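The values are calculated or read from the model by the stated rules, or taken from the named source; none is laboratory data. Fair warning: this is a prediction, and the values are worked out from it, not measured in the lab. For neighbour counting, all protein chains shown are included, and Cβ atoms are generated from backbone atoms with ideal geometry for every residue, glycine included. Heads up: the accessible areas ignore ligands, DNA and RNA and are worked out on the full protein's heavy atoms, side chains in. Shrake-Rupley method; radii C 1.70, N 1.55, O 1.52, S 1.80 Å.
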Amino acid sequence: MAAKLQKKRLPDMLLEEGLVTREQLAECVEIHRVTGQSLPTLLVEKNYLSEENLVITLSENLGIPHIRVANYSIPKEVLNEVPEALARQYQMLPVSITGEVLTLAMADPLNIMAIDDLHMVTSYQIEPVVAMMSELKAAIDRLYGGDAAETLFNTLSSGAGDKTDDMVEVEAPGDEVEDVSALEVGAEDEPVKKLVRLVIFNGLERGASDIHIEPFEKILRIRYRVDGALEEGLAPPKALQSNLVARMKILSGCRIDEHRLPQDGRARMRYRGRDIDFRVAFLPCKYGEKVVLRVLDQGSLTLDLDGLGFEPQPMSVFREALELPHGMVLMTGPTGSGKTTTLYSALHRLNQVDTNIVTVEDPIEYELFGVNQVQVQQRIGFTFAEALRQILRQDPDVVMVGEIRDGETADTAVKAALTGHLVLSTLHTNDAAGVFPRLIDMGVEPFLVQSSVALAAAQRLLKRACNECKEVINVPQDVLERNQYKPFDYIEKVNFVKPKGCSKCKDTGYRGRVAVVEAMLNWPELQPLVLQRRSGHEIKEMAVKLGMKTLRQNALAKAAKGLTTLEQVLEHTIAD
């Protein structure tokens, strides 16, 4: 249980002692109210109050001792009871442990939240004593190894130059959002906080979609997923692992005392003038907790279906499907293939004043104005199927279901499509034709599948050839024929390219990615095949006869335009 302190407010103490004026106090209280910054810290920083007078006032009025921690020696086992991230966040230092009582030096012993948080983490009764802020900060740096973190930060950031002036760190959504564009080194910045900022900043600078922090026996590895491939980055020493993970948990609103179970959270950062959300996942591994941050950059989201660069055939059937009053539009493809971006672009096109759109997502990745977005809560039984049943009572015109994962969700989505709603969702199959047998395997009757599915599409992301270093090449005709290439009447000039590698693309030959899609309407000729439970291969053969262009064909069209390479086509698509 937290220590009981006298119920006396700091402003009253200071006014009674005549240490500050009412005007000075009102100014700092207003800043504290707006920014959340500690009131004692504000008073000292503005030189309205000396640290010595603050410590003496708190000690005498609260009846607690004050100590000097500048050269205090604290056993390692005592330090280990309080995570460094928590010590820095609340400016506190464990001094000693006697039985079930932990003596805690604090700059602000009136901070009941800090005492309660530490009690929850350690289960000790907390006995606060008061100490000077400057001495506490120096002692935390000295005892927790903050100097090493500072050195590491300077090493990692060397060469970053003025670029680091454009990034800022973020707190959990709902708190004040820091600006991550400002990595300038300030005297009051905590070293671990700087290191976390820098790891994230480097990922954003590289254009990473995911940031991996991976613990191994003797090292801590940082990797960034850029254009679909993981690449290694500079990493802090193993000794700072627990502090970095704890800081990540604080940012994402997760429990810092939970190390055995996976946790999920969200954080927000400001970078180059825009807010960026992160989905943060913690996974216990053999040598610590692995952390993966999924970057959800709304500023880079393309909400223009025409701007996604689909080939003419899939683009035309997409437009046709989105004009239907009801039915299911299903996107398939592996994780990270851009399915969600395509669905959001479709929603953007459908988002009109006279259209009621509701989504069910897990999690909500991007916020869309004018769209009612619902977050699934699996732990309390609010599943996709249950959420979908509830929103059908909200008079929707268009419904988006983040993913059809099970038979119950599939059945509910099919019924929604049959009762006059346009339903958009994703499904895991290898190609567009696989949607029909997959739904049947989930327990949906074939006659319901053939009546409800309006469009099935499969999507992949191919690496885009770097415009700075790609060069046009001649591909032998037999190679093209072997890879099923056929001339495209809408491509005037065929330019197959080969990337050389340059400084712009870091010698990889690729910069960015390009989407490739195959899309098929539920043409009448396909419906007997669905009713007869025919295989996806047979359905695909018929769709091709009816005019569908396959993933391989659309990918070859991208290569013929010089947007990607034949190597990427062969890596991400299969022969038809």
Tell me, which residue of the stretch 104-143 that is under 20 Å from residue 257 (Cβ atoms) and polar (S, T, N, Q) is farthest from the chain's Cα centre (by Cα)?
125
Options 568, 527: the member that is open to solvent by 40 Å² or more (accessible area, probe 1.4 Å) and at negative phi:
527
Go through 497, 514, 472 for me and flag whichever is touching a Gly at 6+ places or on another chain (Cβ under 8 Å), closer than 24 Å to residue 305 by Cα and either β-branched (Val, Ile, Thr) or surrounded by 15 or more Cβ atoms within 10 Å (Cβ to Cβ) (or both).
514
For residue 226, which of the numbered conditions (1) modelled with pLDDT of 90 or more; (2) hydrophobic (A, V, I, L, M, F, W, C); (3) over 14 Å from the mean Cα position of the chain (by Cα) fails to hold?
(1)
Show the residue pairs meeting these rules: Cβ distance below 9 Å; 6+ apart or different chains; first residue within the stretch 365-382 and free of Cβ contacts under 8 Å to residues at least 40 places away in the same chain; second residue open to solvent by 80 Å² or more (accessible area, probe 1.4 Å) and among the charged types (D, E, K, R).
373/367
Name the residue that is nearest to residue 81 (Cα to Cα), counting only residues in the stretch 117-128 that are part of a strand (DSSP E or B) and open to solvent by 10 Å² or more (accessible area, probe 1.4 Å).
125
Closer than 27 Å to residue 513 by Cα and open to solvent by 50 Å² or more (accessible area, probe 1.4 Å), is that true of residue 404?
no
Hey, can you tell me all the residues within the stretch 488-521 that are in a strand (DSSP E or B), within 33 Å of the chain's Cα centre (by Cα) and not charged (D, E, K, R)?
499, 510, 512, 514, 515, 516, 517, 519, 520
If the Cβ limit is 8 Å and pairs must be 6+ apart or interchain, which residue in the stretch 16-30 that is under 21 Å from residue 60 (Cβ atoms) pairs with which residue that is assigned to a helix (DSSP H, G or I) and among the hydroxyl-bearing types (Ser, Thr, Tyr)?
17/57; 19/57
From the list 409, 429, which residue is polar (S, T, N, Q), outside any helix (DSSP H, G or I) and buried (at least 16 other Cβ atoms within 10 Å of the Cβ)?
429
Among the candidates 353, 399, 374, residue that is part of a strand (DSSP E or B), under 28 Å from residue 310 (Cα atoms) and among the aliphatic types (A, V, I, L, M):
399
